[in-house]
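Data block below; observations after.
Taken together, the values in this text are just the output of simple stated rules run on the coordinates, not laboratory data. Since this is a predicted model, take the numbers as computed values, not measurements. Cβ coordinates were reconstructed from backbone atoms using ideal geometry, including for glycine residues, and neighbour counts include every protein chain displayed.
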Amino acid sequence: MTHRWPLHPAATPGEALSSWLIRIAARYGISIEVLALDIGYSLDREMDLDLAPPAGFVERLATRTGVHVDTIRAMSLDGFVPWLLDGLEPDPEAFTTYTRQLSILLPGGQRANREVGPWRPWIPAKPHPQQRTCPTCMVESSPPYLYQLMWSLPLMLTCPVHRCLLETHEGTRWYHFKWQNQSLAPRPANPAIRAMDARTWQALTAGHVDLPRRRVHAGMWFRLLRTLLDELGATLTESGAAHRLTRQVWDRIGQPVRGGQVSWYPYEKLSLAVQQRMLEAAATAIQMLEHEMLTGRGNQAPLFLPEPDRSVDPGCPAQKAAAPNPWKKLDDMLKESIDEAKHDADAAQQLFNILTMYRRDDETVVHRVRTDLEKLGIPAEFLSH
């Protein structure tokens, strides 16, 4: 008969499964390995709980803790398939499928398909020697420190709770060895980075993202962001004339084109420092698109444009104001003169004189004008000489 663990710390939003289990184990004064054995699992060094827990592990953990299965599953990357990843297993075709179906800065179909071998989006090809954490989270917690699942991926630059930049540290994900005697002031992120990371966090927690033109599914957002990173890292041969667009972005953040890459590698194989520069460039590109400082040539670029003016039919071009018609103004003046001549003999004689000016010696013209004015309702006596 299994029993619940009556005392365990609550999981925080976005926390990694391994981080939560280590904190539970610390509450009972045991190791995570002993904790896993208590529910019938033996953890080996190759097992990555934050990637994919073994079959049945999540269900048993839910029974012991009383936490819903879906909540626990979302503490590992397995819970984000197929939104963040198409699948957990590396796939030779995955790179083309994930990064070549959309286009933002560069024209669609311009980037060549690349053979990158077995590949998974966002997951580093090999663990970085440095990890990332939030300095404010460190100050507000105590050992063993909690660890956010997405801190292990090059997906965000800031802490979703404190909005400050993540800082690097040495050692494993959860223990933060180098931080125990280190105190760093949180560094604020610029508005472009905060806006981009807020959308990524919305995708992770709400399953959708609100863009200027419309709401998109979380899976769409992750692929848009990964496509933009790939475009910013495109070579001159791939980008062609649109290279000037990516250069504008890199110049704006004061970084060399392509983040300083010499040879092309997929984003997941780059160093952590270059990945961070790439994310900053992506945030800046989105900001420039939304403020119409940059015109993307890709099919999905309009998603980042401001909402169009709904007072104008989107199917018709805005109509320019018509130029004043001088003939209409003259016609209006003539009608006013005729109306006045019907009741005023002086106004009638003045109108008659204007219409017969320079033709007074032509009796035919004079007779026709007098007849036409009488037909308009002007008394004949008003038109006598």
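Each Lys or Arg adds one and each Asp or Glu takes one away; over the other residues whose Cβ falls under 13 Å from the Cβ of A55, this sums to 0. The slack in the chain from D38 to Q101, taken as 0.36 nm per residue of separation less the alpha-carbon distance, amounts to 18.1 nm. Computed from the C-beta positions of R244 and M293, the FRET efficiency with R₀ = 22 Å rounds to 0.95. Would you please state the base-10 log of I(q)/I(0) at q = 0.17, 0.20, 0.24 1/Å for segment 17-80, with intensities from the Debye formula using one equal scatterer on every alpha carbon? Rounded to two decimals, the profile gives -0.52, -0.74, -1.11. Think of each Lys and Arg Cβ as +1 and each Asp and Glu Cβ as -1; about the Cα centre, that makes the dipole of segment 17-80 roughly 280 debye. Amide hydrogen proximity for Q148: with H placed 1.01 Å from N in the peptide plane, the residues at 5 or more positions away or on another chain lying under 5 Å are A16. When the chain is treated as a Gaussian network with alpha carbon springs shorter than 10 Å, the biggest mean-square fluctuation among I253, I123, I354 belongs to I354.
Go ahead and estimate [θ] at 222 nm for the chain from helices alone: -39,500 (n - 2.57) per DSSP H run with n ≥ 4, summed, over the residue count, rounded to 500.
Calculated from helices alone, the mean residue ellipticity at 222 nm is -11500 deg cm²/dmol.
Applying the Kirkwood pairwise sum to the alpha-carbon positions of the chain produces a hydrodynamic radius of 26.1 angstrom. Proximity of backbone amide H atoms, modeled 1.01 Å from N, is registered between L106 and R297, G298 at under 5 Å, excluding neighbours fewer than 5 places apart on the same chain. Averaging Cα coordinates gives a centre for segment 28-62 and one for segment 213-273; these two points are 38 Å apart. In the chain, a dipole from Cβ-located charges (positive for Lys and Arg, negative for Asp and Glu) runs towards its positive end, and of I104, G207, M156 it is M156 whose Cα lies farthest in that direction.
Charging the Cβ of each Asp and Glu at -1 and of each Lys and Arg at +1, and nothing else, the dipole of segment 82-309 about its Cα centre rounds to 240 debye.
Using the Cβ of A74 as centre and a radius below 14 Å, the other residues enclosed give a net charge of -3, where K and R count +1 and D and E count -1.
The Cβ shell under 15 Å around L165 holds other residues with a net charge of +2, Lys and Arg each +1, Asp and Glu each -1. Label separation (T235 vs I338): 7.9 nm, computed from points 7 Å beyond Cα along the C-beta direction.
The magnitude of the dipole of the chain, with charges of +1 and -1 set on the Cβ of Lys/Arg and Asp/Glu and taken from the Cα centre, is near 1240 debye.
Contact order, relative form, for the chain: 15 percent (alpha carbon pairs under 8 Å, 6 or more residues apart, mean separation divided by residue count).
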